[in-house]
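Student: Before I ask anything, let me first share the structure, which is written out below as structure tokens.
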Amino acid sequence: MTQAAHTPLRYALYSIAASILTLTLKFTAYALTGSVGLLSDALESLVNLTAGGIALTALVIAARPADSRHAYGHGKVEYFASAAEGGLIILAALAIAWEAWQRFHSPVDLRHLGPGLITAVLAAAVNFGAARILLSAARRFDSITLEADARHLMTDVWTSAGLVLGLGLILIEPSWRILDPLIAGAMAVNIVFTGVSLLRRSVAGLMDEVLPEEQMRAIEEAIAATHDGAEYHGLRARKSGSLVFVDFHLLVPGKTSVKAAHDLTCDIEEAIRERLPRSQVTVHVEPMEDDASRDGEHVGGKCSDRKDG
């Protein structure tokens, strides 16, 4: 089988295929009805297609193994991809808001709303199915790129649902055509929130923000379970794409042999990997009797509950 069949690349291709299909359906719905709301929905799908291409490129790069220039791998490219998606989402929202503003001041009669709404519902169903598949894959591969793509598609689904509801009301009562630009404006606001959330998470990843508290606690529990009462400091952990990098300083009695210290650190590393499967762990062993080992304030990170000194 091809490489894509065993990696997140396959799911990025699903996203692109879904975006092409929904883009075709939504522009068809706009051509049928002349609705600015449906045009806004189509513009968002155009952004989805661009974002899918960015995601595919990022996943290809992220899959490359570590090399001499990128010793920690290429996983951080996923944060650049999700940031690009966040920016594109915000640009789409601005374009939608502009179109809504123009139509609000110059409303037009809508036509062929029935066929247009059926086409829009079909497009939303395609996006919903693709989003569910991508979310499942994002959890399996721990990929922020796939998650960003999935949440982007789900945003599209919810905005489409609101749009169909509003246009359905206009179908019942044509004099309510002012709902068309109002719905488009509401869609723009909702989309902005999604874009800002993706940008914030991308910046957090690029800035090596600490792992969530539950994951840090899992690391501490792994250390304690393997070496009860262990003294350590400088516990640091960060994410790079789907990989987690963990390092800390472990204090052991000075008389401990190199072999015993090595075996202990191997046990701790394995215990951490059982809790965080995609982690790479580095342990620096120090003699607890040496004052120079008490350098937690210089290293940073979290310390054990036991006090140095």
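The values are calculated or read from the model by the stated rules, or taken from the named source; none is laboratory data. Source: prediction; values computed, not measured. Cβ: placed from backbone, ideal geometry, glycine included. Neighbour counts: every protein chain shown.
Student: Looking at the structure I just gave you, is G75 in a loop (DSSP other than H, G, I, E, B) and closer than 27 Å to F193 by Cα? Before you say what the answer is, go through the steps one by one.
Tutor: Details: in a loop (DSSP other than H, G, I, E, B): yes; closer than 27 Å to F193 by Cα: yes.
When the stated conditions are applied, G75 passes them.
Student: Okay, next question. Could you tell me how many of the residues in region 26-67 are among the basic types (K, R) and under 23 Å from the mean Cα position of the chain (by Cα)? Give the derivation first.
Tutor: Within region 26-67, the subset among the basic types (K, R) is 26, 64.
Still in the list and also under 23 Å from the mean Cα position of the chain (by Cα): 64.
Of the residues in region 26-67, 1 are among the basic types (K, R) and under 23 Å from the mean Cα position of the chain (by Cα).
Student: Filter region 10-44 for residues that are of a type in the set (S, T, N, Q), surrounded by 24 or more Cβ atoms within 10 Å (Cβ to Cβ) and within 16 Å of L117 (Cα to Cα) and give the result.
Tutor: Let us first name the residues in region 10-44 that are of a type in the set (S, T, N, Q), namely 15, 19, 22, 24, 28, 33, 35, 40.
From the residues that got through so far, the ones that are surrounded by 24 or more Cβ atoms within 10 Å (Cβ to Cβ) too are 15, 19, 22, 33, 35, 40.
Once the filter is applied, which keeps residues that are of a type in the set (S, T, N, Q), surrounded by 24 or more Cβ atoms within 10 Å (Cβ to Cβ) and within 16 Å of L117 (Cα to Cα), region 10-44 yields T22, T33, S35, S40.
Student: So which residues in region 205-233 are at pLDDT 75 or above, over 20 Å from S143 (Cα atoms) and not aliphatic (A, V, I, L, M), if there are any at all?
Tutor: R217, E220, E221, T226, H227, E231, Y232, H233
Student: Answer yes or no: is there a residue in region 91-101 that is crowded, with 19+ Cβ neighbours inside 10 Å, modelled with pLDDT of 80 or more, touching an Asp or Glu at 6+ places or on another chain (Cβ under 7 Å) and not assigned by TED's automatic domain parsing to the domain that holds F245.
Tutor: Within region 91-101 (the criterion being crowded, with 19+ Cβ neighbours inside 10 Å, modelled with pLDDT of 80 or more, touching an Asp or Glu at 6+ places or on another chain (Cβ under 7 Å) and not assigned by TED's automatic domain parsing to the domain that holds F245), the answer is no, since none of the residues qualifies.
Student: Looking at region 262-277, I want the residues that are closer than 29 Å to R139 by Cβ and have a partner that is outside any helix (DSSP H, G or I) and among the polar types (S, T, N, Q) with Cβ atoms under 9 Å, at least 6 apart or on another chain. Which pairs are those?
Tutor: Going by the 9 Å Cβ cut-off, the qualifying pairs are E269/S279; E269/Q280; E269/T282; I272/S279; R273/S279; R273/Q280.
Student: Has region 125-133 got any residue that is surrounded by fewer than 16 Cβ atoms within 10 Å (Cβ to Cβ), among the small types (G, A, S) and within 25 Å of the chain's Cα centre (by Cα)?
Tutor: yes
Student: Out of D156, D149, D180, report the one residue that is surrounded by 18 or more Cβ atoms within 10 Å (Cβ to Cβ), of a type in the set (D, E, K, R), out of contact with any strand residue (DSSP E or B) (no Cβ under 8 Å at 6 or more places or on another chain) and closer than 22 Å to S240 by Cα.
Tutor: Working: D156 fails: closer than 22 Å to S240 by Cα; D180 fails: closer than 22 Å to S240 by Cα.
Checking each option against the conditions leaves just D149.
Student: Right, here's the next one. Looking only at residues in region 257-288 that are within 35 Å of the chain's Cα centre (by Cα) and among the basic types (K, R), which one is farthest from A63 (Cα to Cα)?
Tutor: Looking at the filtered set, the residue picked out is R275.
Student: Do we find that D228 is on the phi > 0 side of the Ramachandran plot and either of a type in the set (K, R) or without any contact (Cβ under 8 Å) to a residue 60 or more places away in the chain (or both) in this structure?
Tutor: Details: on the phi > 0 side of the Ramachandran plot: no; either of a type in the set (K, R) or without any contact (Cβ under 8 Å) to a residue 60 or more places away in the chain (or both): yes.
No, not satisfied.
Student: Is there a residue being in the same structural domain as R200 (by TED's automatic domain parsing), crowded, with 22+ Cβ neighbours inside 10 Å and under 23 Å from the mean Cα position of the chain (by Cα) anywhere in region 106-117?
Tutor: no
Student: Only one of (1) more than 17 Å from M187 (Cα to Cα); (2) out of contact with any Ser or Thr (no Cβ under 8 Å at 6 or more places or on another chain); (3) at pLDDT below 80 fails for I61. Which number is that?
Tutor: (3)
Student: Could you grab me the full set of residues in region 27-67 that are touching a residue at least 12 places away in the same chain (Cβ under 8 Å) and outside any helix (DSSP H, G or I)? Explain how you work it out, then say what you get.
Tutor: Quick first cut of region 27-67, residues touching a residue at least 12 places away in the same chain (Cβ under 8 Å) only: 27-30, 32-63.
Residues satisfying the conditions are G34, S35, A63.
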